[in-house]
Amino acid sequence: MKVNPQYNTKEALLDLYNKPLLELVFEAATIHRQYHNPREVQMSSLLSIKTGGCPEDCGYCPQAARYHTDVDAHKLMTVESVLEQARNAKKNGSSRLCMGAAWREVRDNKDFDNVIEMVQGVNALDMEVCCTLGMMSEDQAKRLKDAGLFAYNHNLDTSADYYDDVISTREYEDRLNTIDNARKAGISVCSGGIIGMGEAVEDRIGLLMSYMQMENPPESIPINALVAVEGTPMAEQKPIEQWEMIRMVATTRIAFPESVVRLSAGRTKMNMEGQALCFMAGASSIFAGDKLLTTPNPEYNEDQEMFKILGLIPKEAFADGEKPVTKEDPIIVARKEKERQRAEELAEARKKAKPEGFQPRKVTTVE
Ligand code: SF4
């Protein structure tokens, strides 16, 4: 059951969200146990492979170039340094790596070729690879899929009604198109939202309704609490209560029984008891590591301690879908062949300029 037919209207979902909290958690926990192993929680790592300098104006985001925040812009990481981070993340227990680039959209250039190589490399480490790179076309999605991409993240963030209060540089429809392109390429979809941006409860329900109306709802739904960052338009937003996170997680779990609900940004503001209720209510993934792109996140060992206390076990990679097969990328193959030929030509030219046995003339200088 991808979508719960009992709650496929706005009214029914809103009533569900407003249920007495413990009843809501109990209902969510019951559904969760039917579709998932309640002890399993996936540890995922989120790596910012290209940071800051983004031309978009998402009101919550410290990486937007137009806001004056503490984020230092960095160009795309090298393939080798990403793979090193991936190996570390795996060593620390992560079975999924999400790579985020602060781009408006994917462009067909050398940077994208490098991302393709990153995807190939991380897939070869037997980790689920997820990317969040902004808008993308169907062809670009296909290239990522062939590289071994497991999931593509593209959040709707909030309801269609509240969306314009948050972002003006791209339409809700653009986001739906990108999600559609990932789907058409056969990539698993990760898409969710942020609560605590000044939206009404109806907007949280509106976000879930957008997923309800899809032919195939996302396999993965991250629920974030706003991390208000100085310099962004949302810097002054009051932090939400953790009870609201628990309600949102539980409502999402009940509405989309098969999807993985991810407890994402904002975990540092929750205590262990609050997080425990989220796991009880159906969250089965957290992001591990001390940074979530650019905002703080609990440290690995704090999470390991929490897992021990709550009796949670880390979920293995590809428990929810087969490992994608990496295929050769014709663009990269052609580029490498060109580079090889160029190197050969250069070596040949050097040889001609300096034939074998050539001894430079000795020059004696007189002091
Ligand atoms: S959320 Fe993404 S698209 Fe929006 S400003 Fe930040 S980096 Fe850019």
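The values are calculated or read from the model by the stated rules, or taken from the named source; none is laboratory data. Everything quoted here is computed from the prediction, not taken from an experiment. So basically every Cβ, Gly included, is an ideal-geometry build from the backbone, and we count neighbours across all protein chains shown.
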Count, please, the residues in the stretch 267-290 that happen to be touching a residue at least 12 places away in the same chain (Cβ under 8 Å) and charged (D, E, K, R).
2
If the requirement is being more than 23 Å from GLY266 (Cβ to Cβ) and in contact (Cβ under 8 Å) with a residue 60 or more places away in the chain, which of these qualifies: LEU176, LEU144, LEU149?
LEU149
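Identify all residues within the stretch 214-253 that are of a type in the set (Asp, Glu) and more than 24 Å from GLU273 (Cβ to Cβ); write none if there are none.
GLU215, GLU219, GLU230, GLU236, listed by residue number.
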Filtered residues of the stretch 236-246 (kept if within 14 Å of LEU16 (Cα to Cα) and surrounded by fewer than 24 Cβ atoms within 10 Å (Cβ to Cβ)):
GLU244
Determine the pairs where a residue that is under 15 Å from ALA102 (Cβ atoms), located within the stretch 114-141, has a partner that is charged (D, E, K, R) with Cβ atoms under 6 Å apart, the partner being 6 or more residues away or on another chain.
GLY134/ARG104; GLY134/GLU105; MET135/GLU105; MET135/ASP174
From (1) β-branched (Val, Ile, Thr); (2) within 16 Å of the ligand (Cβ to nearest atom); (3) more than 28 Å from PRO5 (Cα to Cα), pick out the condition that doesn't hold for ILE195.
(3)
Quickly run through the stretch 298-326 and pick out the residues that are assigned to a loop (DSSP other than H, G, I, E, B), in contact (Cβ under 8 Å) with a residue 40 or more places away in the chain and under 17 Å from ASN88 (Cβ atoms).
ALA317
Pairs returned, first residue in the stretch 333-351 that is within 24 Å of ASN114 (Cα to Cα), second residue that is modelled with pLDDT of 90 or more and of a type outside the set (Lys, Arg), beta-carbon separation under 9 angstrom, 6 or more apart or interchain, are ARG335/ASP113
Only one of GLU316, GLU299, GLU328, GLU322 is out of contact with any His (no Cβ under 7 Å at 6 or more places or on another chain), among the acidic types (Asp, Glu), farther than 27 Å from ILE254 by Cα and modelled with pLDDT of 90 or more. Can you tell me which?
GLU328
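Residue-by-condition table, conditions (1) small (Gly, Ala, Ser); (2) under 16 Å from the mean Cα position of the chain (by Cα):
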{"position": "VAL82", "(1), (2)": "no, yes"}
{"position": "VAL106", "(1), (2)": "no, yes"}
{"position": "ASP113", "(1), (2)": "no, no"}
{"position": "MET127", "(1), (2)": "no, yes"}
{"position": "SER137", "(1), (2)": "yes, no"}
{"position": "ALA141", "(1), (2)": "yes, yes"}
{"position": "ASN153", "(1), (2)": "no, yes"}
Selection from the stretch 222-266 of residues that are free of Cβ contacts under 8 Å to residues at least 60 places away in the same chain, part of a loop (DSSP other than H, G, I, E, B) and charged (D, E, K, R)
GLU236, LYS238, GLU241
The listed residue being among the small types (Gly, Ala, Ser) and out of contact with any helix residue (DSSP H, G or I) (no Cβ under 9 Å at 6 or more places or on another chain), out of GLY59, GLY52
GLY52
Working only within the stretch 117-143, note down all residues that are away from the ligand (no atom under 16 Å from the Cβ), under 26 Å from PRO62 (Cα atoms) and crowded, with 23+ Cβ neighbours inside 10 Å.
MET118, VAL119, VAL129
